[in-house]
Each structure stands twice: as C-alpha cells, then as structure tokens.
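The values are calculated or read from the model by the stated rules, or taken from the named source; none is laboratory data. Note that the coordinates shown come from a computational prediction; the quantities given were computed from them, not determined experimentally. Every residue, glycine as well, gets a Cβ built from its backbone with ideal geometry; the counts of neighbours run over all protein chains shown. With ligands, DNA and RNA removed, areas are computed over all heavy atoms of the protein, side chains included. Shrake-Rupley method; radii C 1.70, N 1.55, O 1.52, S 1.80 Å.
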Amino acid sequence: MSPRSASVNEELRRRSRERLLQATVELVAERGYEATTLADIADRAGSARGLVSYYFPGKRQLLQSAVHRLMHRTLEAALEREPATDDGRELMARAIDAILGLTAESPVLMRTHMAGILQAEGFVQCPEQQRLAQLLRETVVRYGSQAPDSDYPLLRALLMGAVFAVLMPGAPMPLPRLRAELFRRYGLGWELGVPPDGEPPGGTSQDIVLQWPKRSK
C-alpha cells in the first residue's frame, strides 16, 4: 500500500480537529464546562485522548475555538441564506440577529465562552476566531464602512456587550430591546434580518430562524 499523500493527511487532520470542536460544543452545552473532561470530548469525537493535546494546549482554548467555530458557521449561514443579497444594511441586520439568536439558543455555552475570554488568556488566536473576524470585517465593508479596521472592532465590541447584557445573571436585558439599540446604531429598519415575533423573510431556511423569547404583554 502506498503512503497517503500530504493532502490526504491534511484533510484527515482537519476532519479530526472538526470532530473535536463539534464534540466540545455538544458536551459543554449538555453538561457544563466543569463537568466536561478532555477524555469525554475525545470519546464523543471518536478520537484518541492524545489528539486533543496535540491540537489544543488545554480545555479552555479548545472551548474558545469550538465556540468561535459555532459563531462563524452561524454567521456565515445567516449572511449567505436565501434570498441572497448584496444589500449591506440587510447583511448587517443578519449578522446582528445571528449572534443574538445564537446567544438565546445556547446561553450556557455562550456564558461559559464569555467567562473564559475575561480570564488572563483573552481571545485565542485560532483559525476559527480569525474566520469569525474576517466575516465581521467583510460585513462592515459591505455595509459601506470607509474605515473597516476601526469599524470592525467597534461592531465586535457592541455585539459582545449585547451578549453580556443578555447573559447577565439576575439582571438580563431583553433581546428585542438590545436588537433595537443595535439596529438604531446602524440605521437599520426593524423588518430587516429576522425580526422578533415576525415571519421569516421569503426563502429563509426554517433551520436558522431565530427563536426569540416572547415579549411580555
């Protein structure tokens, strides 16, 4: 049997890493961070325990990469969904709704992720984080920014602030209110993106329609 090519080996490594990232978000969402071990993650991913340490220096770094992957995949799906559009305002609305919607759907995962960011390590500079940054930067460019290098960090900060506000223990802010503030900041109409309590725009996949909390009467 001839040895595998470098490209085949690279693809196998990519798939192995992807399985570990997916297993991490599943287990942390189910059990919480402390109750999830690296051995559990390797077992769920069908990988050897040593592979986790090969790809990631520790559990906290693994979780950050896993959540950044989930975020960029969610954001990418929202930006590219049907009906396709080049309207920068619609794309900005979709980006905001994607991150807020993910926070509503996965509060345990996002709260754990944010807590990790506030520790000394801060952001993990991994491919998943870089892809998320690229998508957000492209969004501000398509929105019409003339200074994306400064406008992208501002969008990131505003989204992180909204996520923190949603997840604040004992004093969470309602998502529709936070959405309204962000939409006002960027001059977006309420009907753009996926409005709370509204019908999804034509062609939107039902799999990615945001499940907004019901408004109080």
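Listing for the model above:
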| quantity | calculated |
| --- | --- |
| Alpha carbon centroid spacing (whole Å) that separates region 164-187 from region 1-79 | 31 Å |
| Percent accessible area from carbon and sulfur atoms, region 1-132, protein chains only, probe 1.4 Å | 52 percent |
| Calculated FRET efficiency for the pair GLN130/GLU34, C-beta based, R₀ 30 Å, to 0.05 | 0.60 |
| Candidates per GluC sites (Glu not before Pro) in region 8-97, loop by DSSP, up to 11 other Cβ within 10 Å | GLU34 |
| Using alpha-carbon coordinates, inclination of helix 107-117 to the longest axis of the chain, degrees | 70 degrees |
| Accessible area of the chain divided out per residue, in Å², using a probe of 1.4 angstrom | 52 Å² |
| Low-density loop cleavage sites - GluC sites (Glu not before Pro) in region 114-175, where at most 14 other Cβ are within 10 Å (DSSP) | GLU121 |
| Helix axis angle, 59-80 relative to the chain longest principal axis, alpha carbon, degrees | 50 degrees |
| Computed lengthening from SER5 to GLU82, 0.36 nm per intervening residue step minus Cα-Cα distance | 24.0 nm |
| Cα-projected label distance for ARG15 with GLN119, points at 7 Å along beta-carbon direction, nm | 3.2 nm |
| For the chain, built as a Gaussian network whose Cα springs stay under 10 Å, the top-fluctuating residue of GLN146, GLN64, GLN130 | GLN146 |
| The chain: calculated mean residue ellipticity at 222 nm from DSSP helix runs of at least 4, using -39500 (n - 2.57) | -21500 deg cm²/dmol |
| Accessible surface of region 140-199 [probe 1.4 Å, protein heavy atoms]: carbon and sulfur percent | 59 percent |
